[in-house]
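See below for the structure under consideration.
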Amino acid sequence: MDFTATAAFPISVSWITHNIALAALSLSLVYLVSRAIYDLFLSPLSSIPGPWFAAVSNFWITTHVLRLQQCKTNHRLFEKYGPVVRIGPNKVIFKDLTSMRSVYSVHKFDKSTFYKSLLTNENDHAMTTLDHAGHVTRRKGYAPHYAPVNLALFQPEAHDYTLELVSVLEHIGGKHSLDCLALFRHYMVDVIIASSHGYRQGALSKWIAGVEDSMATAIADFPKRGIIRSVVPPWVWDMICRIPNNRWRQMCDSDKIMGEFVGARVYEMRAELNAGKLGESEKIPMLRRLLQHKYSSEQAMPDHDIISEMMGHMIAGSDTTSNSLSYFFWELSRRQDIMMKLQAELDQAMPDPHAIPDITLLQKLPYLNAFVKEGLRLYSAVPSILERVVPSSTSKNGAINEAFDLMGYALPPGTIVATQGWSMHRDASIFPSPKTFLPERWLERPGNAEHLFKMAQFLMPFGTGSRVCGGQNLAQMMLRIAVATVARNFDVVAPPETNERSMEIKDSFVIFPASMECKLTFVPRAQ
C-alpha cells in the first residue's frame, strides 16, 4: 500500500495554514503601515501641529485619559504647539474664542459618540442625545424648571437643607474634620431631589447618622461605572459585574438603583395626578413637568425617557456642584485674606447668620460673586474637552462634503473637534497669573469694563453654545447660597492631610482630588 500521498497531505495542510497566517500577518502590517503613512503625511489633517504618534493612533491620548490627566495634557499641547492641535488620527482640539462660537453656537455641531458612555437606564437623555434637533425636543420638557423665576420658588427647600448643613457643622463644633466631597454630595442630593422630584430624601441626615443613603452612593458610583464600562468590551463588563463582592456589585448596579428610585417616584406622582390630589400649583417639580410633557400633540413623553432624564439631572447636578464647593472651601482654608474679605461682606449682608437672604440679594454682593466666578474659573466641575463632529455641510449654500475652516485648517466632515474650559480659563492673555486664585480680577473698577466683558466671554464652566448645561442656574444659585451661609457661620481650616498633593486635580470628564477626599474643619465663628 502506498502511504506517500496520505503522509504528504497533512504536511500540505500545515504548509498552507502557515502561509495563510503569514500572509494575513503581512497584510495586516502592510495595512497598519499604510494607514500610518496616510495619517501622518496624506490625511487632510496632516498639516495640523501635534505629536506625530498621536496622528497615527488614539492610544497615546487614551493613556492620559486613563491616568486622569487629559485636561492638563491637552493644555501642555496648546502651550507647545499653539491654538490648534491634532491629538488623534481624527481628533483636533482648539483654543480660540471665535472658533468656539462657530462650532458650538453658530453651526451647532452634533456631539460625538463619546457621550453614549453616559447613558442612564440604558437609554438616552438630553446630555447623551447627539443631534441638535433631538436635544431641542428633550430640552423643551425641562427648560422651564431651570428658569430663574421658577428656581426662586424652591428657595425655601434650599434654605432648609442649607440650615440643616449649618446645624450639622455647629454640632461638630470644629472638633474634627469632614470629607467635603461626601458632605456636599449628600447636601446637593437632598436639594436636587426636593426640587426635581418634590420628595424629601434625607440624605444628609442619614450620612451624619452613619446610615448609608443608597441614592447618594449610587450617584457617586455612576461615573466610576461609566469609566470602566467605556474601556472594556461588553462581554468583559457582563463578566466583571458578576464578581461576588457586595460593594463591587453595588457600584455595577448604580444605574439600576437610581432607575428603580426614579421609577417609584414616577409611579407615585402619576397616581397623585390621576387622583387629582396635586391640583394647580405655581411650584411644580421637574418630574411633574415631564409627566405632563408631550413630544407632539399625539405623543406623550414615555416613562423610560422620563426616568433617564431625571437620572441624568440628578447625576449632573450632585457631584459637579459638590466637587466645586469642596475646592471653593479649600481655597478659603488656605487664603485667610480672601476669607476675611468675604466674611466682612457677608456680615453686613446677613446680620442674622441663620437668615439666608433671597438669591436676588446674594447676586448683588460684589465679592461673593467675584469669589464664585473665580472658583468656577479654576474649579469648574467639567473642564474637559466637549467633543463635536464636523457635519457634511457648514455653508449657507448647503454644499455637501465641504471642509470646515478652523483657524486656517480645513477639517473634513466626520472630524472630531473640541475645546476645553480648562485651557480657555487659563489663557494668560485674558487671565493674568492664571494659576492664582484671585477674586479681585472680577471686581468692577474704573476703566476695566471691557476686560471684564472679555473674561466673561472666555468663562465656560457649564459648557457653551446651544448644548450648555441646562441646570447651570440651579448650580449658580446653590453655590452662592452654600458659600454665603457656611462662610458667614464658620472659619475653614485644612488639616495637615489636606494639601496641594492631596488636592491635585484629576479629571475624568469631571474633576476630583487625587486623594479622592477633601477633609476640612469648620470652626464656628464668634457671633
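The values are calculated or read from the model by the stated rules, or taken from the named source; none is laboratory data. These numbers come from a predicted model, not from an experiment. Every residue, glycine among them, receives a Cβ derived from its backbone with ideal geometry; neighbour counts consider all protein chains shown.
Before moving on, here are some points about what is shown:
- Residues that are in contact with a Ser or Thr (Cβ under 7 Å, 6 or more places away or on another chain), of a type in the set (Gly, Ala, Ser) and without any contact (Cβ under 8 Å) to a residue 40 or more places away in the chain within region 148-205 are absent altogether.
- Qualifying residues in region 451-481 (those that are farther than 12 Å from GLY317 by Cβ, under 13 Å from the mean Cα position of the chain (by Cα) and hydrophobic (A, V, I, L, M, F, W, C)) - the one surrounded by the fewest Cβ atoms within 10 Å (Cβ to Cβ): VAL468
- Qualifying positions in region 280-312 - free of Cβ contacts under 8 Å to residues at least 12 places away in the same chain and either among the acidic types (Asp, Glu) or touching a strand residue (DSSP E or B) at 6+ places or on another chain (Cβ under 7 Å) (or both): GLU280, LYS294, GLU298, ALA300
- Matching entry among SER57, SER34, SER46 (being at pLDDT 70 or above, in contact with a Leu (Cβ under 9 Å, 6 or more places away or on another chain) and within 30 Å of ILE87 (Cβ to Cβ)): SER46
- Some residue of region 379-399 being assigned to a helix (DSSP H, G or I) and either touching a helix residue (DSSP H, G or I) at 6+ places or on another chain (Cβ under 6 Å) or closer than 30 Å to LYS519 by Cα (or both): yes
- Of the residues THR162, THR120, the single one that is β-branched (Val, Ile, Thr) and under 18 Å from the mean Cα position of the chain (by Cα) is THR120.
- Applying the criterion of at least 1 residues that are closer than 26 Å to MET314 by Cα and modelled with pLDDT of 95 or more to the helices (runs of 4 or more DSSP H) found wholly in region 64-145 leaves 70-81, 132-142.
Condition check ((1) at pLDDT 95 or above; (2) more than 28 Å from GLN336 (Cβ to Cβ); (3) touching a Pro at 6+ places or on another chain (Cβ under 9 Å)) across all residues:
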| residue | (1), (2), (3) |
| --- | --- |
| ASN397 | no, yes, no |
| GLU402 | no, yes, yes |
| VAL417 | yes, yes, no |
| SER423 | yes, yes, yes |
| PRO434 | yes, no, no |
| VAL493 | yes, no, no |
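- Residue list for region 233-267, restricted to those being exposed (fewer than 13 other Cβ atoms within 10 Å of the Cβ) and either in a loop (DSSP other than H, G, I, E, B) or in contact with a helix residue (DSSP H, G or I) (Cβ under 7 Å, 6 or more places away or on another chain) (or both): PRO233, ARG242, ILE243, PRO244, ASN245
For every residue, the table says whether it meets (1) in a helix (DSSP H, G or I); (2) acidic (Asp, Glu); (3) crowded, with 21+ Cβ neighbours inside 10 Å; (4) within 22 Å of the chain's Cα centre (by Cα).
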site: SER423; (1), (2), (3), (4): yes, no, yes, yes
site: ASP427; (1), (2), (3), (4): no, yes, no, yes
site: VAL483; (1), (2), (3), (4): yes, no, yes, yes
site: PRO495; (1), (2), (3), (4): no, no, no, no
site: GLU500; (1), (2), (3), (4): no, yes, no, no
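- Residue check, LEU325 in a helix (DSSP H, G or I), modelled with pLDDT of 95 or more and within 23 Å of GLU260 (Cα to Cα): no
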